[in-house]
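Everything on this sheet refers to the single structure shown next.
Values quoted throughout were computed directly from the atomic coordinates according to the rules given, and no laboratory measurement underlies them. Remember, predicted model here, so these are calculated numbers, not experimental data. All Cβ positions, even for glycine, are placed from backbone atoms using ideal geometry, and neighbour counts span all protein chains on display.
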Amino acid sequence: MAYVEAEIASQPECWLRTGRLADEHADALPRPGERVAVVGCGTSWFVAMAYAGLREGAGQGETDAFQASEFPTGRRYDRVLAISRSGTTTEVVDLLTALRGVPSTVLVGDPAAPAVELATAGIPLPFADERALVQTRFATTALALLRAHLGADLQKLAADAEVAVRAPVPVPPTGVEQITFLGRGWTVGLAHEAALKCREAANFWTEAYPAMDYRHGPIAIAGPRRLVWAFGAVPPGLADDVEATGAVFLHSRTHGCHTVLGRWAAGRTPLDPMADLILAQRFAIALAASRGLDPDAPRHLTRSVVLTG
């Protein structure tokens, strides 16, 4: 078994462990009414996008998400929240070094990482750190902690995650030549992350868009042997528009969907979109295997991007 497969399967347990941490570190996490910037790189940026949407949607305060290198230093924030599995990524380290007088918190896998010393507060998640280069459980565990801080039911999330790690992969990876992932609101970040997993693990052609914007051009690439996978709420008529192209539309809320996912989802409460992301992670690993690739050795990738010069 690849390292990443075992790490994907461990997510329900990891999510449950974050409830205690959310309470222990409540003072270091964004408070209601604060203007907050959430930053990260790659997967962590997509988690930042998801959390920003959830926090604003919960009425907790203005929340912006940025790739760490694109942080607008001229704006005023009450708190900066950084997400970094390694805690060594150049852009995150540079930003935390540059912040002056702004409270900062970093969610990190390694308690001894440089980012912990640079931030005002560090919240280590060593139990969610990973051996695999391709991030899965650290990212979702960080988001689970942030969702717990917003009042999410971790027992429900973990139960949905248990379904996702045991259910059949929604569609066979063979025969699919392209995938587009869609989201709305906070799940746009999940769509981007699902697409990244397929690119990283399987060197596969994937794209991601806000679901409402998909019909404004990107739908032109839909067709037979192509898959459109949506997270969260779906705009009315979108499924019909996609299926009219000959592409498969995949969504856990669509009863009667022409996939395994539709059969096991029918008759039960739809899975939380974060559990749907687990299915996408598993699909990416299955896709890699079908292409003869080792998901633990993705090409051109390192655990952390540390720049010199």
Worksheet entry | Computed label-point distance, nm, for sites residue 156 and residue 220 using a 7 Å Cα→Cβ extension | 4.1 nm
Fill in: Inverse mean reciprocal Cα-Cα distance (Kirkwood Rh) of segment 125-183, Å
14.0 Å
Worksheet item: Taking the Cα-to-Cβ direction at residue 23 and at residue 299 and moving 7 Å from each Cα, how far apart do the two end points lie in nm?
Response: 4.9 nm
Item to complete: Output the peptides 217-224, 123-130, 29-36 sorted from most to least packed, where packing is the average of other Cβ atoms within 10 Å over each peptide's residues.
Response: 123-130, 29-36, 217-224
Item to complete: Please work out the Cα center distance from segment 1-24 to segment 127-152, rounded to the nearest Å.
Response: 7 Å
Worksheet item: Given R₀ = 45 Å, FRET efficiency for residue 121-residue 244 by Cβ-Cβ distance, to 0.05?
Response: 0.30
Worksheet item: Using a simple spin-label model with points 7 Å from Cα along the Cα→Cβ vector, what separation in nm is obtained for residue 94 and residue 31?
Response: 3.2 nm
Practice prompt. First check a/c for segment 52-131, with a ≥ b ≥ c the square roots of the eigenvalues of its C-alpha gyration tensor; if it is under 1.5, answer rounded, and if not, answer prolate when a/b is larger than b/c or oblate otherwise.
Written response: oblate
Response to the item:
Summing -39500 (n - 2.57) over every DSSP H run of at least 4 residues in the chain and dividing by its residue count gives a helix-only mean residue ellipticity at 222 nm, to the nearest 500 deg cm²/dmol, of -12000 deg cm²/dmol
Item to complete: Can you tell me how much longer the chain between residue 306 and residue 174 gets when fully stretched, taken as 0.36 nm per residue apart minus their C-alpha distance, in nm with one decimal?
Response: 44.0 nm
Practice prompt. Report the calculated FRET efficiency for residue 3 and residue 73 (r = Cβ-Cβ distance, R0 = 30 Å), to the nearest 0.05.
Written response: 0.20
Worksheet item: If Lys and Arg each add +1 and Asp and Glu each add -1, what is the summed charge of the other residues whose beta carbon sits under 15 Å from the beta carbon of residue 299?
Response: +1
Response to the item:
If one compares the long axis through the Cα atoms of helix 273-290 with the longest principal axis of the Cα atoms of the chain, the angle in degrees, nearest 10, works out at 70 degrees
